[in-house]
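The values are calculated or read from the model by the stated rules, or taken from the named source; none is laboratory data. As the structure is a computational prediction, the values presented were derived from the model and not from experiment. Cβ placement follows ideal geometry from the backbone for every residue including glycine, while neighbour counts extend to all protein chains displayed.
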Amino acid sequence: MRKQIVAGNWKMNNDAAQTEALIASLKSQEKTTNAEVMIAPTSVNLSQAVKATEGSGIEVVAQNMHFAENGAYTGEISASMLKSIGVNTVILGHSERREYFNETDEMLAKKVDAALANNMRVIFCFGEELADRKAGNEETVVGNQIKNALFHLGADAFESIVLAYEPVWAIGTGETASPEQAQDMHAFIRKTLNDKYGAAVADSVSVLYGGSVKPANAQEIFSKPDVDGGLIGGASLKADDFFAIVNAF
Ligand code: PGA
């Protein structure tokens, strides 16, 4: 059985007091599913969030990290720094990192390696832009993003990798991929894994969908056979909405 996961990507939202308050309301929510629940606060609030979520079953994850272990990289944080405060999972390759911070497949391959070398779990994000989909190139783009950043890895590494398909045109736009579009792409992703690593890997990796998931559409998206959960932006900032999504399986 693949893990079902709902991860909230808070992006650059919530200061320290707001982080405390949102975690308090998340802890008061009732969870009625087996889904793993994760939240990704901004890096300055990670340590505080780890403490505030202790014993709640909510895992605190990072939104990004650098590939180097330490050194002259002003403003950056490393895998071992995250580990040292109890953060064991990192989101890598989010489209906003790719677009606004010029993260390339090559850089992301190094970040994935650094995370795995530090025994971290990776939520690896990718997805096509609107122009790619209009041109019918979405599978080529997604296939290349996966191959370029991950296919140097051995099969065992996929025990620590969660994939998140996030079509760029659906992120923060209110426009969601239809459940069928999500399913088609997730099936393609699994086939891509299967072609390279075989069925055992392809069937065991959780593939999340992200892009304007909300309480109103989560159930239909999560009902698709190859969709194992969601990476949630906007709707993760409200405890009620986030848990309505967690409980949508
Ligand atoms: P959204 O963001 O849910 O606000 O569309 C998703 C994401 O960027 O992970």
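Laid out as a table, the results:
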read-out	value
Close pairs from the range 167-183: first under 21 Å from Ser206 (Cβ atoms), partner near the ligand (Cβ under 9 Å from one of its atoms) and modelled with pLDDT under 90, Cβ under 6 Å, at least 6 apart	Ala170/Thr176
Considering residues of the range 206-249 that are more than 19 Å from Val61 (Cα to Cα) and acidic (Asp, Glu) only, the residue farthest from the ligand (Cβ to nearest atom)	Asp226
Single unsatisfied condition, Leu82 versus (1) in contact (Cβ under 8 Å) with a residue 60 or more places away in the chain; (2) away from the ligand (no atom under 16 Å from the Cβ); (3) crowded, with 16+ Cβ neighbours inside 10 Å; (4) closer than 30 Å to Ala202 by Cα	(1)
Search result, residues across the range 158-193 that are in contact with a Gly (Cβ under 8 Å, 6 or more places away or on another chain), within 18 Å of Thr140 (Cβ to Cβ) and outside any helix (DSSP H, G or I)	Tyr165, Glu166, Pro167, Ala177
Residue in the range 139-155 that is within 19 Å of Ala218 (Cβ to Cβ) and modelled with pLDDT of 95 or more present	no
Within the range 194-249, helices (runs of 4 or more DSSP H) holding 2 or more residues that are touching a residue at least 24 places away in the same chain (Cβ under 8 Å), touching a Lys or Arg at 6+ places or on another chain (Cβ under 9 Å) and crowded, with 16+ Cβ neighbours inside 10 Å	239-246
Residue identified as outside any loop (DSSP other than H, G, I, E, B) and among the polar types (S, T, N, Q) among Asn102, Asn119, Asn148	Asn148
Selection within the range 153-205 - basic (Lys, Arg) and either in contact with a strand residue (DSSP E or B) (Cβ under 9 Å, 6 or more places away or on another chain) or within 16 Å of the ligand (Cβ to nearest atom) (or both)	Arg190
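Residues are listed down the side, and each one gets a yes or a no for (1) of a type in the set (Val, Ile, Thr); (2) in contact with a Ser or Thr (Cβ under 7 Å, 6 or more places away or on another chain):
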| position | (1), (2) |
| --- | --- |
| Gly8 | no, yes |
| Ser28 | no, no |
| Val37 | yes, no |
| Ala49 | no, yes |
| Phe67 | no, no |
| Thr74 | yes, no |
| Leu82 | no, no |
| Val87 | yes, no |
| Glu96 | no, no |
